[in-house]
Structures are given as C-alpha cells and as structure tokens.
Amino acid sequence: MQRAGIGIILWLLSFGAFPQDMVWEQLRTGGYILLMRHAQTDAGVGDPPGFTLGDCRTQRNLSSEGRVQARRTGEMFRNRGIAVGEVRTSAWCRCVDTATLAFDNAVVWPVLNSFFDNPERRERQTGELKDYIRGYRSRANLVLVTHQVNITALTGETVAAGEIVVLKPGEPGAVVGKLKVP
C-alpha cells in the first residue's frame with residue numbers, strides 16, 4: 001500500500017501537478033529548502049538605471065499589494081504550523097522587505113543577489129548555491145528569498161512574484177512542488 005502511495009506522488013511530480021496541500025504537509029517534517037521570489041513590486045523589469053544596492057529609493061520596490069502578499073505568506077506558514085529556521089535573502093530591498101514582512105528576520109546573503117544585469121555572475125552564484133543546498137543538513141526549513149533569474153538558473157522553474165519553489169533537502173534540482181500565495 002505504501003509503495004502505491006509513493007508511486008502516485010512520483011506520477012504527480014512528473015506532471016508538475018503536486019497538489020499544494022501535499023507540499024504543505026511535507027514541510028511539516030522540516031529540512032526543505034524554499035526558494036521564494038520576492039513579492040509583487042511596482043511595475044517594471046529590473047531596476048532603474050543607476051540604482052544603488054544600499055539605497056531603496058533608487059530600486060524597484062514592493063508595491064502595497066506586495067507588502068500584503070509577503071505578510072500573508074508568513075501568516076500561511078504560521079497558520080499551518082510550518083516551522084521556518086534560517087531565512088536568507090538577496091540584498092535588494094524588495095527581497096529584504098519580503099523576507100522580513102513574512103518571517104520577521106533575514107540575513108543578507110550575496111549569493112542570492114540578482115545577476116539580471118550581470119549574467120557573467122550566473123554560473124559562480126548558481127554553483128555556490130547548489131553546493132550549499134547539497135550540504136544543507138538541518139531539521140529546519142530554510143527560506144531563501146531571491147529573484148526570478150536565480151530561481152530559474154537553479155531549477156529551470158519560472159515563478160510569479162511571491163511564489164515559492166520547494167526543493168528536497170540536499171538536492172538542488174529536485175523540485176517537490178510550488179506554493180502560491182492567493
């Protein structure tokens with residue numbers, strides 16, 4: 001009976017149809033890596049010319065809907081009893097704000113910084129992130145708040161603003177499923 005259940009889950013995964021309720025249930029066991037794209041932003045792509053990483057006034061930031069979306073994400077985790085350990089984020093203000101609004105705190109980790117304007121950094125950053133995920137051994141769920149380009153480079157998945165790709169522990173390309181915040 002247990003083999004049949006695993007077979008169904010693997011079949012669902014092969015079609016990318018892993019039901020969100022099953023993903024939430026898996027997260028209760030802990031140890032997963034959650035790649036979260038920052039919440040909704042003001043209109044645009046990338047950042048304005050001449051933006052400064054340390055100055056939020058020069059960047060594309062969360063919209064008011066994005067701030068609500070980030071808070072709602074944290075509420076969904078708390079309401080479902082999903083424990084989160086460490087939260088790491090890109091240094092971009094929209095990522096830091098998403099992480100802190102959802103999970104109260106975060107540590108900036110440059111490996112998660114966008115390479116949208118610097119594609120030459122893609123391989124180095126993605127390689128470092130893969131190495132970290134391969135070595136991740138914790139019972140706590142790890143949240144990494146980053147950008148579309150980073151998530152796609154690592155997993156091949158495209159994600160909407162605020163969407164989360166859940167990875168198996170120790171396996172950078174093994175997508176368990178996606179979580180969308182309504």
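The values are calculated or read from the model by the stated rules, or taken from the named source; none is laboratory data. All values reported here derive from a predicted model rather than from experimental measurement. Note: ideal-geometry Cβ built from the backbone for every residue, glycine included; neighbour counts use all protein chains shown. Surface areas here come from the heavy atoms of the whole protein model, side chains and all, with no ligands, DNA or RNA. Shrake-Rupley method; radii C 1.70, N 1.55, O 1.52, S 1.80 Å.
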query = Which whole-Hz couplings ³J(HN,Hα) result when phi for each residue of the range 95-107 is put into the Karplus expression 6.51 cos²θ - 1.76 cosθ + 1.60, θ = phi - 60°, listed in order with x for Gly and Pro?
reply = 7, 4, 5, 4, 4, 6, 5, 7, 10, 6, 8, 6, 10
request  = Starting from the Cα of Lys130, draw a straight line to each of the aspartates and glutamates and keep only those under 12 Å, dropping any in the same chain fewer than 8 residues away.
outcome  = Glu171
task = For the chain, with all protein chains present and a 1.4 Å probe, just round the carbon and sulfur fraction of the accessible area to a whole percent.
result = 53 percent
message = What aspartates and glutamates does Lys180 reach when the alpha-carbon gap must be under 20 Å and sequence neighbours fewer than 8 apart in one chain are set aside?
response = Asp21, Glu25, Asp42, Glu65, Glu75, Asp97, Asp104, Glu157, Glu163
query = Which order do Lys178, Lys168 take by accessible area at a 1.4 Å probe, largest first?
reply = Lys168, Lys178
remark   = If amide H atoms are modeled at 1.01 Å from N in the peptide plane, then the residues at a separation of 5 or more from Val176, or on another chain, having amide H under 5 Å from its own are Val166, Leu167, Lys168
task = Take the alpha carbon atoms of the range 110-127, find their center, do the same for the range 128-160, and report the distance between the two centers in whole angstrom.
result = 13 Å
ask   = In the Gaussian network model of the chain, springs joining C-alpha atoms below 10 Å, which of Asn105, Asn79, Asn141 carries the largest mean-square fluctuation?
value = Asn79
query = Stretched out fully, how many nm does the piece from Thr52 to Glu86 gain, at 0.36 nm a residue minus the Cα gap?
reply = 9.6 nm
key: Any cysteine of the chain lacking a neighbouring Cys Cβ under 4.7 Å - listed by number   = Cys95
task = Go through Pro182, Val143, Val84 and say which Cα lies farthest out towards the positive end of the charge dipole of the chain; charges sit on Cβ, +1 for Lys and Arg, -1 for Asp and Glu.
result = Val84
request  = Would you mind checking the tilt of helix 2-14 against the longest principal axis of the Cα atoms of the chain, expressed as 0 to 90 degrees and rounded to 10?
outcome  = 30 degrees
key: Net lengthening on full extension, Ala160/Met76 (0.36 nm per residue, minus Cα-Cα)   = 28.5 nm
Built amide H within the under 5 Å cut-off of Val108, gap 5+ = Thr89
ask   = Taking 0.36 nm per intervening residue step and subtracting the Cα-Cα distance, what contour gain separates Asp117 from Arg134 on full extension?
value = 3.4 nm
message = Spelling out what I want: for every residue of the range 63-76, take phi, set θ = phi - 60°, compute 6.51 cos²θ - 1.76 cosθ + 1.60 (Karplus), and round to whole Hz; glycine and proline get x.
response = 7, 4, 5, x, 5, 5, 4, 5, 4, 4, 4, x, 4, 5
key: Size of the chain as Cα extents on the principal axes (Å, biggest first)   = 59, 35, 28
